[in-house]
Amino acid sequence: MTGFEPFGEDRANPSSDAVRNLASKWQGTDTLVTEILPVAFDHGARRMRDLIAKHRPDLVLAVGLAGGRNAISIERVAVNLVDARIPDNAGAQPIDVPSVDGAPPAYFTTLPVKAITAAINDAGISTEISYTAGTFVCNHVFFTALDAVEARARVGFIHVPWADGQAPADQATMPIDDIVEALDIAISTALRRTDDLAEAGGTLY
């Protein structure tokens with residue numbers, strides 16, 4: 001499970017805070033390996049590939065911040081496109097280039113997104129399925145992970161809101177304990193089942 005370091009002038013990133021918090025209290029029988037990635041296209045993607053090659057995981061769950069969203073977002077699609085509206089933490093700003101040359105236009109997550117969404121909502125934490133992880137570093141790392149894993153491994157990405165006390169003015173927040181609980185539920189659900197719920201989860205726009 002990975003989170004991201006603070007971006008730009010932000011002093012915190014709830015994705016890294018939640019990942020560290022969950023790691024400190026992990027009680028699952030499976031081994032949980034965590035890492036905080038740089039918000040940088042080249043270094044972040046390279047580090048993800050290195051981690052996958054080293055640990056050969058059964059499950060990869062990357063976590064990032066989606067400031068402005070008011071719910072936990074379970075991402076369903078990673079697109080093979082980098083179109084950076086702003087520079088990353090290394091100053092890079094690639095525009096209209098693929099995440100991985102020669103790879104398909106998109107990959108779908110291999111996690112049961114509907115089951116995960118339902119389980120987190122059942123715990124009273126606002127959660128939704130998302131069909132865009134953007135075109136910045138989060139999507140780039142998500143796509144890279146899906147491209148890098150062996151067939152047996154499964155990959156997903158979760159975007160989280162700002163944690164309470166961290167957000168710029170007027171942006172939605174969520175208690176950090178709720179974010180941590182949501183990630184814990186997501187992992188346990190993904191480990192427990194490979195099939196997904198047969199129910200509607202699409203959008204009209």
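For region 84-105, check the following and say yes or no: at least one residue is open to solvent by 30 Å² or more (accessible area, probe 1.4 Å), in contact with an Asp or Glu (Cβ under 9 Å, 6 or more places away or on another chain) and under 15 Å from THR189 (Cα atoms). Scanning region 84-105 turns up no residue that is open to solvent by 30 Å² or more (accessible area, probe 1.4 Å), in contact with an Asp or Glu (Cβ under 9 Å, 6 or more places away or on another chain) and under 15 Å from THR189 (Cα atoms).
Residues in region 130-171 that are out of contact with any Leu (no Cβ under 8 Å at 6 or more places or on another chain), surrounded by fewer than 24 Cβ atoms within 10 Å (Cβ to Cβ) and among the β-branched types (Val, Ile, Thr): THR132, VAL149.
Here region 21-35 is the region considered, the condition is being among the polar types (S, T, N, Q) and assigned to a helix (DSSP H, G or I), and the residue that is surrounded by the fewest Cβ atoms within 10 Å (Cβ to Cβ) is SER24. Of the set (1) within 28 Å of LEU197 (Cα to Cα); (2) open to solvent by less than 60 Å² (accessible area, probe 1.4 Å); (3) part of a loop (DSSP other than H, G, I, E, B), all apply to ASN70 but (2). The set of residues in region 1-36 being out of contact with any strand residue (DSSP E or B) (no Cβ under 8 Å at 6 or more places or on another chain) and of a type in the set (Val, Ile, Thr) consists of THR29, THR31, VAL33.
The values are calculated or read from the model by the stated rules, or taken from the named source; none is laboratory data. Nothing here was measured: the structure is a model prediction, and the numbers come from that model. Backbone-built Cβ (ideal geometry, glycine too); neighbour counts: all protein chains shown. Accessible surface is based on the protein model in full, side chains and every heavy atom, while ligands, DNA and RNA are left aside. Shrake-Rupley method; radii C 1.70, N 1.55, O 1.52, S 1.80 Å.
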